[in-house]
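Undergrad: Questions regarding the structure given below will be posed in turn.
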Amino acid sequence: MGRVTDTARVRTVRVRDGKLYAGRKGDHVAVEEPLDIRLNGQRLSLTMRTPGHDVELIHGLLHGEGLIERREDVAEARYCDGAVVEDETGLPRNTYNVMEFTTARPQLLPVASRAFTTSSACGVCGAESIEAVRRRGRFTLGADWRIDPRVVLQAARELGERQPVFARTGGVHAAALVGRDGEILVVREDVGRHNAVDKVIGWALLEDRLPLADCFLLVSSRASFEIAQKAALAGVPLLACVSAASSLAVDTAEAFGMTLLGFTRAADDCDGRLNVYTGEDRLDLSAVEG
């Protein structure tokens, strides 16, 4: 495929205490580029994302939109018509910003009646109601699922150590799938929090791991409705976010019987802290009570 660039170097003027500080300096920024997604010959979406793991991203997006259920539903995924530009060496490279997906059975999908644009900030905002998502849901979230909250906090600590793009730029979100034993199975970064989630769910779909009944989803951002619904549709029983949850995310988690945790933050001097919005029964608090 060629070289994928997730960071770029730019020149900045640094000001400290109201004064110019050491002149111009180089700084790393996260790359944000458009991805034109075409499905069965029609444009489906134009999304802004950090390049890398695009096949996972689109599988996750299509699953979250209810257009595919398993990896066999996609017959072909290929880059096409990418713009050719010169890189810093003066050599041409393909930006790989157009992808064509073909389904195994054309009748599996309705003809896309409209194109929709997603941004790196919020995805397809407000596209559906909770009830519409519930009707599309294939998985029932297990009620016999219990976990020590310290396992979640330890995973949050480890996630912070497994974000190389964030370490260089401070400008991306991360999502991780974590096993009940605390093992981090996969981490993906992106300028869009919903893109990072699509990438890890797309990875799970390609690995035939759906439903994700024995995993929890950990995100380095706030929990929005869209992230909650993507998790629910993938069969994730527990969603933990580093920041707050929105009211609609709480409503969605409640409707699906999902455990939703917010402000999940580990600390060096203690186990850390978290807030439980829904599904307290999945947390084994016996070791931490009192």
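The values are calculated or read from the model by the stated rules, or taken from the named source; none is laboratory data. Nothing here was measured: the structure is a model prediction, and the numbers come from that model. Note that each Cβ is placed from the backbone with ideal geometry, even for glycine, and that neighbours are counted across all protein chains shown. Note: accessible area is taken over every heavy atom of the protein model, side chains too, but ligands, DNA and RNA are not part of it. Shrake-Rupley method; radii C 1.70, N 1.55, O 1.52, S 1.80 Å.
Undergrad: So between Arg157 and Ile184, what do we pick up on full extension, going 0.36 nm a residue minus the alpha carbon distance?
TA: 8.6 nm
Undergrad: If the chain between Val13 and Asn40 were fully stretched, how many nm would it gain, using 0.36 nm times the residue separation less the Cα-Cα distance?
TA: So the extension gain works out to 5.1 nm.
Undergrad: Can you work out the FRET efficiency for the pair His28 and Arg265, with r the C-beta to C-beta distance and R0 = 30 Å, to the nearest 0.05?
TA: 0.75
Undergrad: On to the next question. Rounded to the nearest 10 Å², what accessible area does Ile201 have for a 1.4 Å probe in the complete protein model?
TA: Around 0 Å² of this residue is reachable by solvent.
Undergrad: If we restrict to alpha carbons, what Rg and Dmax does the stretch 194-251 come to, in Å?
TA: Computed over the Cα atoms of the stretch 194-251, radius of gyration and Dmax are 10.7, 32 Å.
Undergrad: Measuring from label point to label point, each 7 Å out along Cα→Cβ, what is the Glu72 to Leu285 span in nm?
TA: 4.4 nm
Undergrad: So what's the gap between the Cα centers of the stretch 247-285 and the stretch 148-189, to the nearest angstrom?
TA: 16 Å
Undergrad: In a shell of Cβ-Cβ distance under 9 Å around Val165, excluding Val165 itself, what net charge do Lys and Arg (+1) and Asp and Glu (-1) give?
TA: -2
Undergrad: Kindly rank 231-241, 10-20, 181-191 from highest to lowest mean number of other beta carbons found within 10 Å of each residue.
TA: Those peptides, ordered most packed to least, come out 231-241, 181-191, 10-20.
Undergrad: Same structure, new question: Please compute, over every Cα-Cα pair in the stretch 132-184, the percentage with a separation greater than 15 angstrom.
TA: 62 percent
Undergrad: Hey, what's the Kirkwood Rh for the stretch 158-208 if you take every pair of different alpha carbons, in angstrom?
TA: 11.2 Å
Undergrad: Return the tail of the calculated pair distribution for the stretch 207-290, meaning the percent of Cα-Cα pairs more than 17 Å apart.
TA: Result for the distance tail: 45 percent.
Undergrad: Give me log10 I(q)/I(0) at q = 0.13, 0.17 Å⁻¹ for the stretch 151-290, Debye formula, one equal scatterer per alpha-carbon, no solvent.
TA: -0.49, -0.86
Undergrad: Here is a further query. Average the reciprocal distances over every distinct pair of alpha-carbons in the stretch 7-60, invert the result, and give the Kirkwood radius in Å.
TA: This gives a value of 14.1 Å.
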